[in-house]
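Shown next, in structure tokens, is the structure this report addresses.
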Amino acid sequence: MTTRPSIPGKIHLFSGTVKGGKTKQLIALAETISYHGPVLYVNTTVDSRSHTPYSSHSVLLEPEVEHNLKTRIDMRKLATFDELFSVGDLSKYAAVIIDEAQFWKGLRDAVLNIAEQYGCDVYVGGLFADSNRNPFGEMHELVSIADSVTILGTTLCKFCSEVGVKTPALFSYRAEDRTGQQLQIGTDYHPVCRLHYLEKTRD
């Protein structure tokens, strides 16, 4: 059994809409922290949109940054948290970064375990809500245990932008079948403002 550290880690959440810069933020944090200590970055195998552990469909990296990620950061795609805890002694990492957190099962318990039993800082990125504005996965369960919650608000509404208006996006709109939450290749997701969300989802 892992000995509880004298100083527990901190838990930091990052959320926003689709295409909202969550992965980009996590990658930047991973690179910065890696100069000070080992970093474990994990993404779920549910995210099949890219061949890299991180979601390269939404992040274009400079060659130097991509080289740093491959050489200084332990990056993995895993199916379950059981696989994560099988990696070894997590206390050797300065930080554990969890991407696409809305797809992970047992998220709350795993994050608490990493921070409080292993003493790692945990950075979690994912969607709080699906395209129907319902809670997505277990992300919302982390709010009550987090040291900080950051909502990335730099994304603009796709449809406002098309007419030259810069309106912050609040929601994720799914142009195709909106009955499920699974993120599929080719599914048409867009960041939208409240007005366009209501217009696009009106029956």
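Can you tell me how many residues within segment 86-125 are of a type outside the set (A, V, I, L, M) and touching an Asp or Glu at 6+ places or on another chain (Cβ under 6 Å)?
Of the residues in segment 86-125, 3 are of a type outside the set (A, V, I, L, M) and touching an Asp or Glu at 6+ places or on another chain (Cβ under 6 Å).
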TODO: Go through the residues of segment 118-136 one by one and say whether even a single one is surrounded by 22 or more Cβ atoms within 10 Å (Cβ to Cβ) and β-branched (Val, Ile, Thr).
DONE: yes
TODO: Go through (1) among the polar types (S, T, N, Q); (2) at pLDDT 95 or above; (3) assigned to a strand (DSSP E or B) one by one and return the number of the condition Ser172 breaks.
DONE: (2)
Open item on the list: Among (1) in contact (Cβ under 8 Å) with a residue 24 or more places away in the chain; (2) over 21 Å from Pro5 (Cα atoms), there is one condition His140 misses while meeting the rest; what is its number?
Closed with: (1)
- [ ] Return yes when Asp47 is surrounded by fewer than 21 Cβ atoms within 10 Å (Cβ to Cβ), of a type in the set (Asp, Glu) and at pLDDT 95 or above and no when it is not.
- [x] no
TODO: Could you look through segment 66-98, keep only residues that are of a type in the set (Val, Ile, Thr) and surrounded by fewer than 15 Cβ atoms within 10 Å (Cβ to Cβ), and pick out the one that is modelled with the highest pLDDT?
DONE: Thr80
Task: For Val165: the one exception among (1) without any contact (Cβ under 8 Å) to a residue 60 or more places away in the chain; (2) crowded, with 16+ Cβ neighbours inside 10 Å; (3) among the hydrophobic types (A, V, I, L, M, F, W, C) - done: (2)
- [ ] Among the candidates Thr179, Thr167, Thr154, Thr187, single out the residue that is modelled with pLDDT under 95, farther than 29 Å from Phe81 by Cβ and among the hydroxyl-bearing types (Ser, Thr, Tyr).
- [x] Thr154
- [ ] Hand me the list of strands (runs of 3 or more DSSP E) wholly inside segment 70-144 holding 1 or more residues that are of a type in the set (Asp, Glu).
- [x] 73-78, 121-125
Open item on the list: Looking at segment 8-22 only, could you name the residues that are within 23 Å of Cys193 (Cβ to Cβ), small (Gly, Ala, Ser) and modelled with pLDDT of 95 or more?
Closed with: Ser15
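The values are calculated or read from the model by the stated rules, or taken from the named source; none is laboratory data. What you are looking at is a predicted structure, and each value in this text was computed from that prediction instead of being measured. Backbone-built Cβ (ideal geometry, glycine too); neighbour counts: all protein chains shown.
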